[in-house]
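Colleague: Just dropping this structure here.
The values are calculated or read from the model by the stated rules, or taken from the named source; none is laboratory data. Since the model is a prediction, treat every value here as computed from it, not as a measurement.
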Amino acid sequence: MATAATTSTAAPAASRYSLVGVLSGRIQAGAALISIDGQDAKPVRVGTLVDNDMVLESVNGRQAVLSSNTENSTKVVLEMPKLTQ
């Protein structure tokens, strides 16, 4: 499972999300496979709603950034686990 880091006080909310995969391209903004509360992962495009008030803001490498579309502007950074050799 992926780890989640937050840039605000949303640690309980961050623990609900797991990053399973990332798709990023040159022309399109990209997408991520995100699991919520241990359920099956679902694809989410950048700019669309992930869950409740969280939106997938961006993807880059092995990371996805979620942001709240409410006044508190919470950000959650999800990271895929390191590859083992």
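Colleague: Would you please name the residue that is modelled with the lowest pLDDT, looking only at residues in the stretch 38-85 that are charged (D, E, K, R) and assigned to a strand (DSSP E or B)?
Modeller: Asp51
Colleague: Of all residues being farther than 18 Å from Ala29 by Cα and of a type in the set (Val, Ile, Thr) in the stretch 52-75, which is nearest to the chain's Cα centre (by Cα)? Just the residue, please.
Modeller: For the stretch 52-75, the residue satisfying everything is Thr74.
Colleague: Something else: Of everything in the stretch 4-34 that's farther than 13 Å from Leu66 by Cα and hydroxyl-bearing (Ser, Thr, Tyr), which residue is modelled with the highest pLDDT?
Modeller: The extreme case among them is Ser24.
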